[in-house]
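Below: the structure, in structure tokens.
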Amino acid sequence: MQMGQFSSAPNAVRLIVSKEGFKGLYAGYGSFLLRDLPFDAIQFCIYEQLRIGYKIAAQRDLNGAENAVIGAFAGAVTGAVTTPLDVIKTRLMIQGSANQYKGVMDCVQTVIREEGPAALLKGIGPRVLWIGIGGSIFFGVLESTKRKLAERRPPSSSLPHLNSKQD
């Protein structure tokens with residue numbers, strides 16, 4: 001759909017399954033995980049470390065805007081760092097039944113050989129921008145939700161003890 005190859009999602013599913021079988025719906029799934037698992041780990045680590053450091057320096061809880069700015073920074077940095085993984089994931093997903101690449105390493109080597117190392121950074125500008133915006137929204141909402149839920153939580157003294165030996 002992203003590449004304009006299909007007119008609708010049902011049309012895409014129908015054509016992919018007819019040409020590549022059910023397996024075709026999962027083209028690039030391994031490279032998707034190869035991109036997303038490090039992405040999430042890096043983004044959350046950067047966010048948490050910056051938030052903890054800023055909170056210590058400020059000697060207070062952070063407000064929503066501060067959490068959002070830290071989230072934007074964490075998202076932007078992570079988006080930049082993982083751009084090569086995204087390029088490879090996209091190339092593997094859109095190759096279709098042509099099987100231009102034999103796997104992740106073959107894709108990396110082919111892209112570098114045919115287009116140069118800079119090709120692994122294609123789209124870095126828009127990616128950093130939209131992931132930075134997304135990080136701002138995500139972490140801003142996450143911290144606001146955590147705060148609201150904590151306010152609704154009853155005091156711990158009124159919670160039943162889970163380890164009591166009552167029958």
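Find the residue count for the stretch 79-99, including only residues that are polar (S, T, N, Q), surrounded by fewer than 18 Cβ atoms within 10 Å (Cβ to Cβ) and touching an Asp or Glu at 6+ places or on another chain (Cβ under 9 Å).
1
Can residue 12 be described as modelled with pLDDT under 90, over 18 Å from the mean Cα position of the chain (by Cα) and not acidic (Asp, Glu)?
Against the criterion (modelled with pLDDT under 90, over 18 Å from the mean Cα position of the chain (by Cα) and not acidic (Asp, Glu)), residue 12 qualifies.
Looking at this structure, is residue 104 over 17 Å from the mean Cα position of the chain (by Cα), within 23 Å of residue 81 (Cβ to Cβ) and in contact (Cβ under 8 Å) with a residue 40 or more places away in the chain?
Here the answer is yes, as residue 104 does meet what is asked.
Mind checking which helices (runs of 4 or more DSSP H) fall wholly inside the stretch 1-117 and carry at least 2 residues that are more than 26 Å from residue 129 (Cβ to Cβ) and out of contact with any His (no Cβ under 8 Å at 6 or more places or on another chain)?
Per the criteria, 9-20, 29-58, 104-115.
Go through the stretch 73-90 and give me each residue that's within 20 Å of residue 24 (Cα to Cα) and without any contact (Cβ under 8 Å) to a residue 40 or more places away in the chain.
The answer is 87, and nothing else.
Would you check which residues across the stretch 116-160 are open to solvent by less than 80 Å² (accessible area, probe 1.4 Å) and charged (D, E, K, R) and list them?
The answer is 127, 143.
State all residues of the stretch 15-39 that are open to solvent by less than 70 Å² (accessible area, probe 1.4 Å) and under 11 Å from the mean Cα position of the chain (by Cα); if no residue qualifies, say none.
Across the stretch 15-39, the qualifying residues are 32, 33, 35, 36, 38, 39.
The values are calculated or read from the model by the stated rules, or taken from the named source; none is laboratory data. In this text, all values refer to a predicted model and were calculated from it rather than measured experimentally. Note: ideal-geometry Cβ built from the backbone for every residue, glycine included; neighbour counts use all protein chains shown. Protein only, heavy atoms only, side chains kept; ligands, DNA and RNA dropped before computing areas. Shrake-Rupley method; radii C 1.70, N 1.55, O 1.52, S 1.80 Å.
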